[in-house]
1. Would you mind giving the average projected area, over all directions, of the Cα convex hull of segment 174-311 in nm² with one decimal?
2. Given H placed 1.01 Å from N in the peptide plane, which residues other than close sequence neighbours of residue 254 have an amide H under 5 Å from its amide H?
3. Along segment 250-256, what does the Karplus equation 6.51 cos²θ - 1.76 cosθ + 1.60 (θ = phi - 60°) give for ³J(HN,Hα), rounded to whole Hz, x for Gly and Pro?
4. Considering only DSSP beta bridges whose two residues both sit in segment 69-188, what percent are antiparallel, to the nearest 5?
5. Over the chain, with a Gaussian network built from C-alpha contacts below 10 Å, which listed residue (359, 263, 332) shows the highest mean-square fluctuation?
6. Compute the orientation-averaged projected area for segment 38-165 from the convex hull of its Cα atoms and round it to one decimal in nm².
7. Could you go through segment 73-84 in sequence order and give the Karplus-derived ³J(HN,Hα) for each residue, using 6.51 cos²θ - 1.76 cosθ + 1.60 with θ = phi - 60°, rounded to whole Hz, and x for Gly and Pro?
8. Between residue 264 and residues 5 or more places away or on another chain, which pairs have amide H atoms under 5 Å apart, with H built 1.01 Å from N, and which residues are they?
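The values are calculated or read from the model by the stated rules, or taken from the named source; none is laboratory data. Note that the coordinates shown come from a computational prediction; the quantities given were computed from them, not determined experimentally. Cβ coordinates were reconstructed from backbone atoms using ideal geometry, including for glycine residues, and neighbour counts include every protein chain displayed. Just the protein is used for accessible areas: all its heavy atoms, side chains included, with ligands, DNA and RNA removed. Shrake-Rupley method; radii C 1.70, N 1.55, O 1.52, S 1.80 Å.
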Amino acid sequence: MKHFDYIIAGGGCAGRSLALRMLPYLKTSNKQVLLVDKTRKIENDRTWCFWEKQQDVFEPVVFRKWSHLSFVSAAEHQELDIHPYQYKMIRGADFYAYTGEQLSESSHISMIQGNVESISTEEEKGYVTIDGTQFSADYVFSSIPRIRKKKPDRYQYLLQHFEGWTIESKSPVFDEERATLMDFNTTQHAGTSFVYVLPLSSTLALVEYTVFSENELPDAAYTTALKQYIREQLHCEDYDIKEREKGIIPMSDHPINPGEGRIIYLGTAGGFTKGSTGYTFRFIQKHTAAIVSQLLKSGHPYISAVSPKRFETYDATLLHLLSSKRLSGEEIFSTLFKKNSSRQILKFLDNETSLMEEIRIFKTLQKKEFAIALWNRSLKLIKAN
Ligand SMILES: Cc1cc2nc3c(=O)[nH]c(=O)nc-3n(C[C@H](O)[C@H](O)[C@H](O)COP(=O)(O)OP(=O)(O)OC[C@H]3O[C@@H](n4cnc5c(N)ncnc54)[C@H](O)[C@@H]3O)c2cc1C
């Protein structure tokens, strides 16, 4: 059986982020990695947006960044000054091409295409079966999606489902300097729904319709919502659709086991999708950076949690509130953005605020509704136990 120091199963965002960050460590320690994915990863299958203060390892593939954002609800239009953050966009195809190039140049990484059939662990080794052949490693990192048996009596399960179009208009309609983070001026029938607009030039933008609800919508519903928004809010009648993106991100407070034995889970499979927002990219970066720094320090990849535990309760409470429909997402986010500085909100959503900062934010929110959601969520857990 062929043995590697590390096997990275799944070469999407998390697998490649880890592999790229490991490169200097692999060189100095002379270790070997097998990176496997079932696809070739050449398609522009998603666009990642996130905010950050500094430049990180993927700065060379940042496609666009904005220092100014807008938040729009039926009642008001807020211009958000997000300094010192910048809102950034990375296209999947650029990320895969860049990482593919860097990783294939290294003599410490073997990249293969194959279907991972099983992953298992013993005390001293992990095992991965790829297309019928078993490989072993000191440690296995996996971002391969894991199917969780739902426990609706205990936890909340919502989906963030969306369709986005990159549209090119015949005349200039977009302000290149300002992206729209959320615009609630769209039908709210299916659940909390908003559109975000990421302008790439005065005539080109990614316009994405997003819904938080238990089920996806029929295809035609996304089309109708996007057409209506482009016509009524962007006042654009004459445009071509250059690209389409469609996706689902799970939003749940169902706990996820971060690893077992010699297996460490990464990305969405490792629980790094924030339950209340679906943002994952930055959490993947923090997690993979922490793993590499641990490897450098101690030679093993086991790390303590990337975010303080209390953020799980905040996410669960917000999910509970959204599911209960006692308050709409529009009401919650409008209040949040109106009464707090954008910098504080972004820091909070990054799970990086202090308890004192969080208390200050909570004081500005709809206290009664949040308290009821917290109480109902606790009651649900107590009953289920
Ligand atoms: C369309 C879309 C847009 C998103 N936009 C954002 C965003 O703007 N901001 C943000 O923070 N998050 C976003 N997310 C959420 C999250 O960041 C992404 O899903 C991210 O790609 C998760 O990284 P990952 O490595 O966990 O999973 P993936 O990137 O999906 O990687 C998993 C990999 O495993 C491979 N794989 C699966 N099964 C097997 C198998 N049996 N054998 C071998 N390989 C296998 C897949 O081919 C894939 O490459 C988005 C998600 C989607 C779907």
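1. Dividing the Cα hull surface by four gives the mean projection, 11.3 nm².
2. 156
3. Taking θ as phi minus 60°, the curve returns x, 10, 8, 9, 4, x, 10 Hz for segment 250-256.
4. On the way: 14 of 18 bridges.
Among the beta bridges of segment 69-188, antiparallel pairing accounts for roughly 80 percent.
5. Sorting by GNM fluctuation, first place goes to 359.
6. Its average projected convex-hull area is 13.2 nm².
7. With coefficients 6.51, -1.76 and 1.60, one gets 10, 4, 8, 7, 10, 10, 8, 9, 8, 9, 3, x Hz.
8. Residues meeting the amide H criterion: 140, 141, 142.
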